[in-house]
Ligand SMILES: [Fe+2]
Ligand SMILES: [Fe+2]
């Protein structure tokens, strides 16, 4: 049996096939009027996936596989947006196999890519969970394509409104936080109108990694993902009592 190679993120970044698929996918999505999905997006997702895994103490190889999955996660868009997670996973098999990656590692990456979309994906391994959290956190005004901001397009409005976005892993509290700062180009209501399924999947991904998920927009904690503490005895103040007056 052929010996496998320890494929690195650098090998993947310099692979001309992968670069062509990322650029092709980005050009196709531009035609469709979608936000930026090129080297900037996959670079952000790759770095963020690695950082999440590193912060949670995963071994070096798992972190590297996370970075590789992040770089390749959207190559399925070079075929079609629909089911691009599954198409991308299939494309990744052939490319990584040619690069002689270990088949078990290929399998892990395929599962991460094939499960990163909120329509049908689920966190199925640590790399997959970190990839979901990284991908769904990338909403920012730089993703609105230059000169093409359409005020009638809700995706453009929401993305344009986000001035700052970052993911924080709070190891002590076992919490993963997505912090956003939005201006008035859009609203929280519009954010949730388009991104609610992504936030629900992000909560599931954080749970998979043994963490809670916090969404903080303009310094306001939006969700309460922690399990509520059951009070030992229910006590109500006079004002909280539901007293009906006849
Ligand atoms: Fe995607
Ligand atoms: Fe993506």
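Bear in mind these aren't lab numbers, they're just calculated from the coordinates by the rules spelled out. All of these numbers come straight from a predicted model, not from anything done at the bench. Note that we place each Cβ from the backbone using ideal geometry, even for glycine, and neighbour counts take in every protein chain shown.
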Fill in the blank from the handout: For the chain, longest principal axis from Cα atoms; helix 39-55 axis from its Cα atoms; angle between them, nearest 10 degrees, is 70 degrees
Practice task
Indicate the gyration tensor shape class of the stretch 49-201 (rounded, prolate or oblate), computed on the Cα atoms with a ≥ b ≥ c the square roots of the eigenvalues: a/c under 1.5 is rounded; otherwise a/b larger than b/c is prolate and the rest oblate.
Solution key: oblate
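What share of the DSSP beta bridges in the chain is antiparallel, in percent to the nearest 5?
Values: 10 of 17 bridges.
Given both bridge residues lie in the chain, the antiparallel proportion sits at roughly 60 percent.
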Problem - Between helix 103-114 and the chain: long-axis angle, C-alpha atoms, 0 to 90°, nearest 10 - result: 50 degrees
Completion exercise
One finds, for residue 59 and residue 173 with R0 = 22 angstrom and r their Cβ-Cβ distance, a FRET efficiency to the nearest 0.05 of 0.45
Completion exercise
From the Cα centre of the stretch 69-91 to that of the stretch 1-57, the distance in Å is 10 Å
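Under 1.5 on a/c is rounded, so check that first for the stretch 57-123, then, if it is not, pick prolate when a/b is larger than b/c and oblate when it is not; a ≥ b ≥ c are the square roots of the alpha carbon gyration tensor eigenvalues. Show your work: numbers first, answer last.
Working: a/c = 2.18, a/b = 1.34, b/c = 1.63.
Oblate, because a/c is 1.5 or more while a/b does not exceed b/c.
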Problem - Mean Cα-pair separation over length for the stretch 78-189, i.e. relative contact order, pairs under 8 Å, 6 or more apart, % - result: 16 percent
Exercise for the section: Multiply the residue separation of residue 183 and residue 19 by 0.36 nm, subtract the distance between their alpha-carbon atoms, and state the gained length in nm to one decimal. Expected result: 55.6 nm
Practice task
Quick one: grab the alpha carbon gyration tensor of the stretch 1-77, order the square roots of its eigenvalues as a ≥ b ≥ c, and give me rounded if a/c is under 1.5, else prolate or oblate depending on whether a/b is larger than b/c.
Solution key: oblate
Handout entry: Crossing angle, helix 60-72 versus the chain [Cα axis fit, 0-90 degrees, rounded to tens]
Key = 80 degrees
Handout entry: Relative contact order, percent, the chain [alpha-carbon distance under 8 Å, six or more residues apart]
Key = 15 percent
